[in-house]
Amino acid sequence: MVYGLSTMVYGLSPYLCAMEQLLAQIDQYKKEIKESIANTKEEVEEFRIKYLGSKGLVKTIMGEMKNVAVAQKKEAGQLLNDFKIFVEERFDELKGGSQPNATTKAAAIDLSLPGTSEAMGTRHPISIVQNKIISIFSRLGFAVAEGPEIEDDWHNFSALNLPENHPARDMQDTFYISTNPDWLLRTHTSSVQIREMQKGRLPLRIICPGRVYRNETISARAHCFFNQVEGLYIAENVSFADLKQTLYFFVQEMFGTAVKVRFRPSYFPFTEPSAEMDISCLICGGTGCNVCKKTGWVEILGCGMVHPKVLENCGIDSNKYTGFAFGMGIERITMLSYQVKDLRLFSENDTRFLNQFVSVT
Ligand code: PHE
């Protein structure tokens with residue numbers, strides 16, 4: 001049984017033509033419909049038939065349109081339409097246990113509401129810079145090579161002219177695998193270069209991006225793991241001039257043409273001669289600040305001509321071939337590019353930090 005049904009449903013006056021009368025009538029019906037209750041499926045169906053059925057109130061009252069004066073037809077049509085929607089909504093409420101049904105016309109999606117957007121991830125700053133470095137060198141014909149992070153002693157040290165007990169091994173504090181002291185976490189991606197040289201496909205022009213590990217105390221400037229990009233070019237007649245020109249190009253593409261470059265003699269067991277490359281400080285422009293320790297210069301990479309012994313270790317004829325190699329830390333380049341003062345931020349996964357970086361590639 002549907003409560004609150006008007007007994008006047010079928011008692012509309014045929015002379016109901018005045019808008020006022022129609023309005024009053026609709027108000028009355030609305031009140032009744034609002035108060036009507038349907039607890040069971042049958043009662044809901046009863047409501048539907050009485051109000052929305054083919055002989056129901058809505059149809060009947062719609063029929064009154066013909067009695068409305070022409071001048072008021074538009075207004076009356078709107079009124080009746082709204083009434084129909086009102087009844088349909090109430091029906092849906094009763095049907096769904098007073099839950100308004102979102103599929104009805106009136107309760108349809110409100111297009112004016114702002115959408116709920118998914119939080120977009122951002123690229124990690126280290127990835128942004130790594131991708132940029134890769135894209136610069138790939139324009140010079142360098143291909144990307146990758147290798148394992150768990151290495152054997154030979155690929156990480158011995159082949160690179162660092163035999164056992166060589167003092168230069170102390171330059172890189174190493175994590176050894178406790179179950180097999182021949183295994184270690186690579187300390188640089190030079191090990192990938194050894195693997196590529198062993199393949200014997202020459203000329204060789206590769207860059208090796210990847211994570212490396214060193215047993216260092218974690219601080220604002222050092223971490224026990226970080227990322228490198230190392231590069232290697234081996235062919236006939238490769239000279240130090242080629243190395244310099246390649247790195248000049250890299251610096252200009254990476255930091256802009258205003259940045260100055262200088263090479264300082266250095267030592268690496270796997271290159272001879274060896275050098276370190278500095279760029280003019282990006283923060284102070286070379287006048288001296290805390291970042292460059294008042295020198296105006298910051299070191300960004302190590303480089304040199306591949307030591308003939310390293311070539312021979314990989315089965316390459318050092319009389320015929322020469323090559324250059326270089327290696328840089330991506331964290332350092334990223335810190336300089338974005339003026340990040342603490343490299344621990346790169347591995348803390350704090351989205352407040354990470355969301356600030358907009359991909360440039
Ligand atoms: N392997 C060196 C390091 O990790 C970098 C380097 C690579 C230096 C190639 C010279 C030539 O510090």
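For segment 170-201, enumerate the residues that are of a type in the set (D, E, K, R), in contact with a strand residue (DSSP E or B) (Cβ under 8 Å, 6 or more places away or on another chain) and surrounded by 13 or more Cβ atoms within 10 Å (Cβ to Cβ).
Arg186, Glu196
Specify which of the listed residues (Arg262, Arg221) is touching a residue at least 24 places away in the same chain (Cβ under 8 Å), in a strand (DSSP E or B), under 38 Å from the mean Cα position of the chain (by Cα) and away from the ligand (no atom under 14 Å from the Cβ).
Details: Arg221 fails: in a strand (DSSP E or B).
The match here is Arg262.
Please indicate, with yes or no, whether at least one residue in segment 247-257 is in contact (Cβ under 8 Å) with a residue 60 or more places away in the chain and exposed (fewer than 15 other Cβ atoms within 10 Å of the Cβ).
Step one: of segment 247-257, the residues in contact (Cβ under 8 Å) with a residue 60 or more places away in the chain are 247, 249-250, 253-255.
Checking which are exposed (fewer than 15 other Cβ atoms within 10 Å of the Cβ) leaves us with 249.
Yes - at least one qualifying residue is present in segment 247-257.
Every residue in segment 229-259 that is of a type in the set (A, V, I, L, M) and assigned to a strand (DSSP E or B), please. Outline the logic, then answer.
Narrowing segment 229-259 to residues of a type in the set (A, V, I, L, M): 229, 232, 234-235, 238, 241, 243, 247, 251, 254, 258-259.
Within segment 229-259, Val229, Leu232, Ile234, Ala235 meet the criteria.
Cβ-Cβ below 7 Å, separation at least six or inter-chain, first residue in segment 157-169 and more than 17 Å from Leu185 (Cα to Cα), second within 11 Å of the ligand (Cβ to nearest atom) and part of a helix (DSSP H, G or I): which pairs?
Correct list of pairs: Asn161/Val310.
Can you tell me how many residues in segment 228-250 are within 16 Å of the ligand (Cβ to nearest atom) and closer than 19 Å to Ile330 by Cβ? Can you show your working first?
Our first condition is that a residue be within 16 Å of the ligand (Cβ to nearest atom); within segment 228-250, this holds for 228-234, 238-240, 242-244, 246-247, 250.
Narrowing further to those that are closer than 19 Å to Ile330 by Cβ: 228-232, 246-247, 250.
The qualifying residues number 8.
Looking at the structure I just gave you, is Thr271 surrounded by 20 or more Cβ atoms within 10 Å (Cβ to Cβ) and within 14 Å of the ligand (Cβ to nearest atom)? Can you show your working first?
Working: surrounded by 20 or more Cβ atoms within 10 Å (Cβ to Cβ): yes; within 14 Å of the ligand (Cβ to nearest atom): yes.
For Thr271, the condition - surrounded by 20 or more Cβ atoms within 10 Å (Cβ to Cβ) and within 14 Å of the ligand (Cβ to nearest atom) - is met.
How many residues, within segment 302-336, are assigned to a strand (DSSP E or B) and either within 12 Å of the ligand (Cβ to nearest atom) or not assigned by TED's automatic domain parsing to the domain that holds Trp154 (or both)?
The qualifying residues number 12.
Keeping to segment 280-301, report how many residues are within 16 Å of the ligand (Cβ to nearest atom) and either of a type in the set (A, V, I, L, M, F, W, C) or more than 25 Å from Ile126 (Cβ to Cβ) (or both).
Going through segment 280-301, the residues within 16 Å of the ligand (Cβ to nearest atom) turn out to be 298-301.
Then drop every residue that is not either of a type in the set (A, V, I, L, M, F, W, C) or more than 25 Å from Ile126 (Cβ to Cβ) (or both), which leaves 298, 300-301.
Result for segment 280-301: 3.
Taking the criterion of being modelled with pLDDT of 90 or more and touching a Pro at 6+ places or on another chain (Cβ under 8 Å), would at least one residue in segment 69-90 satisfy it?
Yes, some residue in segment 69-90 is modelled with pLDDT of 90 or more and touching a Pro at 6+ places or on another chain (Cβ under 8 Å).
Any chance segment 195-210 includes a residue that's small (Gly, Ala, Ser) and touching a residue at least 12 places away in the same chain (Cβ under 8 Å)? It would help to see each step written out before you state the result.
Of all residues in segment 195-210, those small (Gly, Ala, Ser) come to 200, 210.
So of that shortlist, the ones also touching a residue at least 12 places away in the same chain (Cβ under 8 Å) come out as 200, 210.
Within segment 195-210, one or more residues are small (Gly, Ala, Ser) and touching a residue at least 12 places away in the same chain (Cβ under 8 Å).
Every residue, every condition in (1) within 12 Å of the ligand (Cβ to nearest atom); (2) in a loop (DSSP other than H, G, I, E, B), yes or no:
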residue	(1), (2)
Asp182	no, no
Glu196	no, no
Ile207	yes, no
Val212	yes, no
Glu216	no, yes
Phe226	yes, no
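In this structure, does Val144 turn out to be within 15 Å of Gln228 (Cα to Cα) and either surrounded by fewer than 15 Cβ atoms within 10 Å (Cβ to Cβ) or away from the ligand (no atom under 14 Å from the Cβ) (or both)? I'd like the intermediate steps shown before the answer.
Details: within 15 Å of Gln228 (Cα to Cα): yes; either surrounded by fewer than 15 Cβ atoms within 10 Å (Cβ to Cβ) or away from the ligand (no atom under 14 Å from the Cβ) (or both): yes.
Answer is yes for this residue.
Yes or no, residue by residue, for (1) within 30 Å of Val358 (Cα to Cα); (2) part of a helix (DSSP H, G or I):
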| position | (1), (2) |
| --- | --- |
| Ser127 | yes, yes |
| Gln130 | yes, yes |
| Gly147 | yes, no |
| Trp154 | no, yes |
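Answer with yes or no whether Phe240 is over 23 Å from Ser158 (Cβ atoms), over 35 Å from the mean Cα position of the chain (by Cα) and of a type in the set (Phe, Trp, Tyr).
yes
Of these, Leu282, Leu204, which one is surrounded by 13 or more Cβ atoms within 10 Å (Cβ to Cβ), closer than 30 Å to Asn319 by Cβ and out of contact with any Pro (no Cβ under 8 Å at 6 or more places or on another chain)?
Details: Leu282 fails: closer than 30 Å to Asn319 by Cβ.
Only one candidate qualifies: Leu204.
The values are calculated or read from the model by the stated rules, or taken from the named source; none is laboratory data. Just so it is clear, the model here is predicted, and its values are computed rather than measured. Here Cβ is always computed from backbone atoms with ideal geometry, including for glycine, and neighbour counts include all displayed protein chains.
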